[in-house]
Amino acid sequence: MYKIKPEDLHTPDQYEHIRDDEYRDVISLERRRRLVTKTFSFLFEHPKIVVNQINEMIYLEKIHDQEEVNDLISIYSEILPGKNEFSVTMFIEFPDEKTMISSMPKLAGIEKMVYLTFDDHSVKAIPEEGRSTETLESTLQYLKFRFSESEKQAFLKSRNAFIETRHPLYSESARISEELLKELKSEINQYS
């Protein structure tokens, strides 16, 4: 598992000088790692994306205290993938507020109905606890796809992979591009 270290981060003054370049790099990386369906988008997290989020917090909040920085590292490290897993941020997206208000109650439990599928395998997402209730869904969900050793080996041999939602009203699917699939195969070995 990748560990975020204090030396990966910048002071607000240091970050100010490189912020635009970092932003461009991260946007490009996110574009490659995001899958989109009609209602959802899924971002496969990466250490560079998470480090950038921490740097942004440090910069915007003008944080200089090392204890506060360590707290941010601890909090944001939860987003990173662990051994034999992918970490995915799921965004629930609606075209307007009216649609969102009417649709959100119907989405209760959606985070428990997300799967990563490849060949004849289906790995169910493990959602972060406490983000949703029975009546109201958070529009941001943190998911982990944890692989057994046999699932990992099958994934490494797969040619096609998808993220699917299997909700009765929101059954949607997005194919993982060939480029991203190659990256993910490399990463699941790298962080194991």
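The values are calculated or read from the model by the stated rules, or taken from the named source; none is laboratory data. In this text the structure is predicted, and so the values were computed from the model without any measurement. All Cβ positions, glycine included, derive from the backbone under ideal geometry; neighbour counts span all protein chains shown.
Tell me, yes or no, whether region 95-112 has at least one residue that is among the acidic types (Asp, Glu) and not assigned by TED's automatic domain parsing to the domain that holds LEU181. Within region 95-112, not a single residue is among the acidic types (Asp, Glu) and not assigned by TED's automatic domain parsing to the domain that holds LEU181. Restricting SER41, SER77 to those that are closer than 25 Å to LYS3 by Cα, surrounded by 15 or more Cβ atoms within 10 Å (Cβ to Cβ) and not acidic (Asp, Glu) reduces the list to SER77.
Taking region 24-60 as the range and being of a type in the set (A, V, I, L, M, F, W, C) and without any contact (Cβ under 8 Å) to a residue 40 or more places away in the chain as the test, the residues that pass are VAL26, ILE27, LEU29, ILE49, MET57, LEU60.
What is the residue count in region 162-178 for residues that are more than 18 Å from the chain's Cα centre (by Cα), closer than 13 Å to ALA108 by Cα and assigned to a strand (DSSP E or B)? Of the residues in that region, 1 qualify.
How many residues are of a type in the set (Val, Ile, Thr), in contact with an Asp or Glu (Cβ under 9 Å, 6 or more places away or on another chain) and without any contact (Cβ under 8 Å) to a residue 60 or more places away in the chain when one looks only at region 61-97?
2
Please verify whether region 144-167 includes one or more residues that are at positive phi and either out of contact with any Leu (no Cβ under 8 Å at 6 or more places or on another chain) or aromatic (Phe, Trp, Tyr) (or both).
Among the residues of region 144-167, not one is at positive phi and either out of contact with any Leu (no Cβ under 8 Å at 6 or more places or on another chain) or aromatic (Phe, Trp, Tyr) (or both), which makes the answer no.
Screening SER150 against (1) small (Gly, Ala, Ser); (2) more than 20 Å from the chain's Cα centre (by Cα); (3) farther than 15 Å from ASN84 by Cα leaves a single unmet condition, (3).
Of the strands (runs of 3 or more DSSP E) contained entirely in region 1-109, those carrying at least 3 residues that are among the hydrophobic types (A, V, I, L, M, F, W, C) and under 17 Å from the mean Cα position of the chain (by Cα) fall at 40-44, 85-92.
When the residues of region 109-138 are filtered to those that are modelled with pLDDT of 85 or more and loosely packed, with under 14 Cβ neighbours inside 10 Å, the one that is farthest from ARG159 (Cα to Cα) is GLY109.
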